[in-house]
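Some notes on the structure that comes next.
Any read-out appearing in this document is the output of simple, stated calculations on the displayed coordinates, not a laboratory observation. Bear in mind that the values here come from a model prediction, so they are computed numbers and not experimental data. Here the Cβ is made from the backbone with ideal geometry for all residues, glycine too, and neighbour counts use every protein chain on show.
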Amino acid sequence: MRKRFSQTGFAGFAPHEVVELLLTLAIPRRDVKPLAKQLIQRFGSLRGVLDADPRDLQEVEGMGEASAMVFRIVRQSADLYLEQGLERGELFQSLQEIETFYRHRLGGLPIEVFEVAYLDHANRLLPQAFDRVEEGDFDSVYIYPRRIIETALRKKASGILLVHNHPTGRAQPSAADRQLTQQLNAAAKPLELRIVDHLIIGSDDTYSFRRAGLL
């Protein structure tokens with residue numbers, strides 16, 4: 001399998017085969033195909049396996065701490081790769097590009113988080129652009145608009161991108177989500193700060209306040 005990967009990468013690999021190859025890094029001298037298939041069945045997909053909490057992974061018979069750590073390393077390495085690529089001052093070319101990035105970044109998290117990205121006038125990411133403002137429990141998060149505005153001014157940002165996830169599923173805004181967006185937009189306008197968008201990342205879809213005409 002390693003030889004196949006060295007020749008073609010993951011082209012043609014089934015999800016369980018990707019998991020199988022990763023497992024060989026921690027369990028090099030054992031047939032791990034049954035375990036790989038069991039992990040896909042338990043967590044639903046390759047993404048589900050990579051997003052899973054290491055403690056949940058270790059509940060599967062045959063999975064140890066080292067095996068679970070491999071998946072965590074792969075997932076967090078991918079996050080850093082994407083983030084550092086964007087932090088080189090690259091532009092978000094489209095709303096779709098932003099959504100794709102944040103679906104990968106926040107889509108599988110088990111808790112609700114709220115992040116802000118700070119942009120210049122051309123939608124380029126500023127240095128240290130990403131700010132995880134808050135982490136909440138499974139279905140709530142508490143945001144302080146003043147802190148976001150103050151950080152934007154300190155960074156000399158021209159634009160603010162708001163993003164949070166809904167771990168429970170659908171990417172539909174709550175009344176609190178709408179109120180927060182309105183408050184931030186009202187506070188930003190007199191300071192000539194643009195709220196570029198507010199995205200909600202669900203398990204299967206993404207909601208854009210701008211696309212919905214609410215910004």
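Here the Karplus curve 6.51 cos²θ - 1.76 cosθ + 1.60, taken at θ = phi - 60°, turns the phi angles of region 58-64 into couplings of 6, 6, 7, 4, x, 8, x Hz, with x standing for Gly and Pro. Protection proxy ranking, highest mean first, for peptides 71-78, 30-37: 30-37, 71-78, where packing is the per-residue count of other beta-carbon atoms within 10 Å, averaged.
Computed 3J(HN,Hα) for region 44-50, one whole-Hz value per residue from the Karplus formula 6.51 cos²θ - 1.76 cosθ + 1.60 where θ = phi - 60°, is x, 5, 4, 4, x, 5, 5, glycine and proline marked x. Amide H contacts of R194: G159, I160, each under 5 Å away and 5 or more positions distant or on a separate chain (H built 1.01 Å from N in the peptide plane; Pro and chain starts excluded). In order along region 182-190, phi translates into HN-Hα couplings of 5, 5, 5, 5, 5, 6, 7, 4, x Hz, rounded to whole numbers, per the Karplus curve 6.51 cos²θ - 1.76 cosθ + 1.60 with θ = phi - 60° and x for Gly and Pro.
Gain in length, K33 to R210, computed as 0.36 nm per residue apart minus the alpha-carbon separation, to one decimal in nm? Intermediate results must be reported in sequence, preceding the final value.
On the way: separation 177, 0.36 × 177 = 63.72 nm, distance 4.51 nm.
Difference between extended and current length: 59.2 nm.
The Cα center of region 42-73 and the Cα center of region 139-197 differ in position by 33 Å.
What FRET efficiency comes out for the pair M69/E97, r = Cβ-Cβ distance, R0 = 41 Å, nearest 0.05? Provide the component values of the computation, followed by the final result.
Values: r = 31 Å, r/R0 = 0.76.
Computed FRET efficiency for M69 and E97 comes out at 0.85.
What fraction of the DSSP beta bridges in the chain is antiparallel, stated in percent and rounded to the nearest 5? Mind dumping the intermediate values first?
Details: 16 of 23 bridges.
Around 70 percent antiparallel, to the nearest 5.
In a Gaussian network model over the chain where Cα atoms closer than 10 Å are linked, find which of G48, G159, G62 has the largest mean-square fluctuation. In the Gaussian network model the winner is G62.
For region 148-163, the residues whose amide N sits under 19 Å from a probe point set 7 Å from the Cα of H121 along the beta carbon direction are 152-161.
Within 10 Å of each residue's Cβ, count the other Cβ atoms and sort H166, H104 from fewest upward.
Working: H166 20, H104 15.
In increasing order of surrounding Cβ atoms, one gets H104, H166.
Suppose only helical runs count, i.e. DSSP H with n ≥ 4. What mean residue ellipticity at 222 nm does that imply for the chain under -39500 (n - 2.57) per run, divided by all residues and rounded to the nearest 500 deg cm²/dmol?
Values: 9 runs with 98 residues, N = 215.
Helices in the chain give a 222 nm mean residue ellipticity of -14000 deg cm²/dmol.
Using Cα springs under 10 Å in a Gaussian network model of the chain, which residue among E192, E112, E20 shows the largest mean-square fluctuation? Highest fluctuation of the listed residues: E192. The slack in the chain from K156 to D79, taken as 0.36 nm per residue of separation less the alpha-carbon distance, amounts to 25.2 nm. Placing a pseudo-label 7 Å from each Cα along the Cα-to-Cβ vector at Q7 and A186 gives an inter-label distance of 6.5 nm.
Compute the signed sum of charges (Lys and Arg +1, Asp and Glu -1) over the other residues within less than 14 Å, Cβ to Cβ, of E59.
Summing Lys/Arg as +1 and Asp/Glu as -1 gives -2.
Suppose we look only past 17 Å in the calculated P(r) of region 92-208. What percent of the Cα-Cα pairs does that tail hold? Summing the P(r) tail past 17 Å for region 92-208 gives 51 percent.
Note on the chain: Cα-only Rg and Dmax are 19.7, 64 Å.
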